[in-house]
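Let me begin by presenting the structure, written as structure tokens, before commenting on it.
The values are calculated or read from the model by the stated rules, or taken from the named source; none is laboratory data. Note that the coordinates shown come from a computational prediction; the quantities given were computed from them, not determined experimentally. Don't worry about glycine lacking a Cβ; one is built from the backbone with ideal geometry, like all the others, and counts go over all protein chains shown. Calculation scope for accessible area: heavy atoms of the full protein, side chains included, ligands and nucleic acids excluded. Shrake-Rupley method; radii C 1.70, N 1.55, O 1.52, S 1.80 Å.
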Amino acid sequence: MSMNTQGRPTGTGSAAAAATGSSLLPDEPLLFEIGDTEHSGVDLPEVTVGDDFLGGFRRETPLDLPGLTEPEAMRHYVRLSRLNYSIDSGMYPLGSCTMKHNPRLNEKLARLPGFADIHPLQPVSTVQGALAMMDELAHWLMTLTNTAAVALTPKAGAHGEMCGMMAIRAAHAARGQGHRNVVLVPESAHGTNPATAAFLGYAVRAIPARADGTVDAEAVKAALDPDVAAIMLTNPNTCGLFEPQIIDIARAVHEAGAYFYCDGANFNAIMGVVRPGDLGIDAMHINLHKTFSTPHGGGGPGAGPVVLSAALAPFAPVPFVRKGEGPLALVEHAEGHHLGRITAFNGQMGMYVRALTYMLSHGGDGLAQAARDAVLNANYVKARLGQVFSVPFAAAGPCMHEALFDDSFLEGTGVTTLDFAKALIDEGFHPMTMYFPLVVHGAMLVEPTESESRQTLDQFCDVMLDLAKDARAGNAPRFTSAPTRAPRRRLDETRAARQPRLKWERPDPLPQAAE
Ligand SMILES: *Cc1c(COP(=O)(O)O)cnc(C)c1O
């Protein structure tokens, strides 16, 4: 197929356009730009019902939808998919995101008609298997964390944070402690933690990091007062380090009458090895789309269940599955302090099935093995790259599931962390997380996960070391001009976020119906 200058395919039979010399990945036009009202992928019978059938509401103008043949539609989406980098096409070492392989078995089970084809308003007597699946998932999550309850419905980690913090707020209110309006958040926290606290109306009090990258129990104690409602702490933290004083911190927080919210997005490092409930946490979200291998949606379906301690269990949102004598019940209206609903219906069923499939296929010992392998892989990367890349908090010893570097090894090269990440794109790898956590300068956070083989890790490390050598040899232009082999060069990401073009308008509008 040939392209005209707008990248619009010229239809079959039209005069041949000049060759453009474009690559196999030309700009892909919108469906609306390639489709027209003459084509269709299906043959539909002529409409035989008369006008009176529609009571005078028959449409006068053409339906402004793009018509395409089946190969045109298929090629459009396949081409778009080739513009994406995904975990299915290569290593995705994005720190803090746990981009692990999504086993196809999970997908197969999520598509079983008994899970995929049911409706949330069906009578519960007809969906007992789905409720049993939810109950089993809840059991696994509570067992892995040693907690008393779990709210399955939050649809992302950040949503889980909100749910857990709402339970904490409700628990304080029930004890006559509703005046508590401060949440402690360590400096290394993910941005969603202070955002959640602020969203719920709390003032955020920052806790500085120690020189070794961990949180100081003494600093927490100094910040605790009768106004503090909770601490939000990530463990392992976003520097990839296990918080050694976490039990001390939990005790001090409880003695001050506050609750301990743990950000569990990094649970992949410790699942099956450490139970957060044993450390004294009261609430923790678990990103099923990280730890339990369900796909990360681009703002689409994730799932962030929140486990709750006995103290917070009475404040869990509805709905939840109740097991007793006879059939399983879905409790949708509960007495007492329950939060009410935080999502429509019952949460992300497909993600529940995928996560439970992953758990059952690994078993408890397999999950612990996955966590250990994730930690081993991160330390392998840290050991190989650490010979050239600068390692902050080296005194803290081995890392957990992610390896953190800063940009001091690039000093004087004219190459920034951003340039380095862009050059990695040209080498076929998705970049690591950049500039996060904020507590180190020019952070590069690499999380290989347990999915990657030794060969892939070596390939990645070889490329990283080669790039570092080249940067230090004075070849800054390779970095500052990168990426040169990606479908897009450097984008104005701020403008894309602030002024997104969400609407396509037809250049030559169709005739409008009279106003
Ligand atoms: C990913 C992540 C979150 C937020 O989870 P979402 O599902 O993206 O909302 C929160 N905290 C940490 C440490 C994370 O890595």
Unmet criterion (only one of (1) on the phi > 0 side of the Ramachandran plot; (2) in contact with a helix residue (DSSP H, G or I) (Cβ under 8 Å, 6 or more places away or on another chain)) for THR484 = (1)
Tell me, please, whether a residue that is assigned to a strand (DSSP E or B) and more than 21 Å from GLY272 (Cβ to Cβ) can be found in region 408-421.
-> no
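Let's see how each residue does on (1) at pLDDT 95 or above; (2) surrounded by 20 or more Cβ atoms within 10 Å (Cβ to Cβ); (3) away from the ligand (no atom under 13 Å from the Cβ):
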| residue | (1), (2), (3) |
| --- | --- |
| ARG205 | yes, no, yes |
| ALA211 | no, no, yes |
| VAL220 | yes, yes, yes |
| GLY240 | yes, yes, no |
| ILE249 | yes, yes, yes |
| PRO276 | yes, yes, yes |
Read through the list (1) within 14 Å of the ligand (Cβ to nearest atom); (2) open to solvent by less than 20 Å² (accessible area, probe 1.4 Å); (3) modelled with pLDDT of 95 or more; (4) out of contact with any helix residue (DSSP H, G or I) (no Cβ under 6 Å at 6 or more places or on another chain), then give the number of the only condition that VAL182 fails.
-> (1)
Looking only at region 286-307, decide whether some residue is away from the ligand (no atom under 16 Å from the Cβ), crowded, with 17+ Cβ neighbours inside 10 Å, part of a loop (DSSP other than H, G, I, E, B) and in contact (Cβ under 8 Å) with a residue 60 or more places away in the chain.
-> no
Scan region 60-100 residue by residue and report those that are within 16 Å of the ligand (Cβ to nearest atom) and on the phi < 0 side of the Ramachandran plot.
-> ILE87, TYR92, PRO93, LEU94, GLY95, CYS97, MET99, LYS100
Sole exception among (1) open to solvent by less than 60 Å² (accessible area, probe 1.4 Å); (2) over 21 Å from the mean Cα position of the chain (by Cα) for GLY90, by number = (2)
For region 311-329, state whether one or more residues are under 16 Å from the mean Cα position of the chain (by Cα) and either away from the ligand (no atom under 16 Å from the Cβ) or touching a residue at least 60 places away in the same chain (Cβ under 8 Å) (or both).
-> no
Given the conditions (1) more than 16 Å from the ligand (Cβ to nearest atom); (2) assigned to a helix (DSSP H, G or I), which single one is not true for PHE57?
-> (2)
Residue match in region 129-149 (condition: among the hydrophobic types (A, V, I, L, M, F, W, C), outside any helix (DSSP H, G or I) and either surrounded by fewer than 22 Cβ atoms within 10 Å (Cβ to Cβ) or on the phi > 0 side of the Ramachandran plot (or both)) | yes
Considering only helices (runs of 4 or more DSSP H) fully contained in region 433-515, which possess at least 1 residues that are at pLDDT below 95 and open to solvent by 60 Å² or more (accessible area, probe 1.4 Å)?
-> 493-498
Which ones in region 33-52 are hydrophobic (A, V, I, L, M, F, W, C), modelled with pLDDT of 80 or more and open to solvent by 80 Å² or more (accessible area, probe 1.4 Å)?
-> VAL42, LEU44
Say whether the condition of being open to solvent by 40 Å² or more (accessible area, probe 1.4 Å) and farther than 18 Å from ARG454 by Cα is met by at least one residue in region 365-385.
-> yes
Expected output for region 193-210 (first residue free of Cβ contacts under 8 Å to residues at least 60 places away in the same chain, partner acidic (Asp, Glu) and open to solvent by 60 Å² or more (accessible area, probe 1.4 Å), Cβ below 7 Å, 6+ apart or cross-chain) is ALA206/GLU187; ILE207/GLU187; PRO208/GLU187
List the number of the failed condition for SER22; all other conditions in (1) farther than 30 Å from GLU427 by Cβ; (2) at pLDDT below 85 hold.
-> (1)
Within region 150-169, track down each residue that is more than 14 Å from the ligand (Cβ to nearest atom), under 24 Å from ARG180 (Cα atoms) and in contact with a Leu (Cβ under 6 Å, 6 or more places away or on another chain).
-> MET166, ALA167
